[in-house]
Structure formats: C-alpha cells, structure tokens
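Data block below; observations after.
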Amino acid sequence: MPGSAEEAQAAEVLKAALALPAEARAALIGPLVDSLDSEVDSDAEQSWREEIVRRLREIDSGAVKLIPWDQARRRLLARP
C-alpha cells in the first residue's frame, strides 16, 4: 500500500503534537503552514500588506467598530 509508512509516521507525529500543551501546538502551526507554501507570490504579499495597513487605518480612525471575539464567533456561527 503506497504511502502507508508515511501515513503511519504522520499519525505518530500528530498524536505526539496533540499531546503537547496548547502554546506548543500553536507554535507549530506557522512553520508547518509555511512549509506547504514553497512559492511566494510577491504580488499577493504586497496586496496583503496594503490591506493590513488599510484596515489598521480604519481601526485607528474609528471608521470601523471592533467587537469581542465571542460576539464575532456567535455572528459567524449564526450565518446560514
């Protein structure tokens, strides 16, 4: 069965990772996701930087109202 050794190894790694404290698990997320994205789209990177700056300006100017995560989560989960 092709891939079964890799699948077994992945299952072992996942089991070990899930046994870690939450902070340690969170620290693994970024490097794992980064390892999947081998090709950087410089246009996308620049677009995201511009979007972040735009959103920060909206927050700083008071143009948008921030809400607590629990409220945002309830609203998201209530969507069809």
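Details
- Members of the stretch 19-36 that are among the hydrophobic types (A, V, I, L, M, F, W, C) and within 17 Å of the chain's Cα centre (by Cα): 22, 24, 26, 27, 28, 29, 32, 33, 36
- Of the criteria (1) exposed (fewer than 10 other Cβ atoms within 10 Å of the Cβ); (2) modelled with pLDDT of 95 or more; (3) in a loop (DSSP other than H, G, I, E, B), which one residue 39 fails: (2)
- Those residues of the stretch 42-76 which are loosely packed, with under 10 Cβ neighbours inside 10 Å, within 18 Å of the chain's Cα centre (by Cα) and either part of a loop (DSSP other than H, G, I, E, B) or among the aliphatic types (A, V, I, L, M) (or both), in sequence order: 44, 76
The values are calculated or read from the model by the stated rules, or taken from the named source; none is laboratory data. None of the values given here were measured: they were computed from a predicted structure. Neighbour counts run over all protein chains shown; Cβ positions are idealised from the backbone, glycine included.
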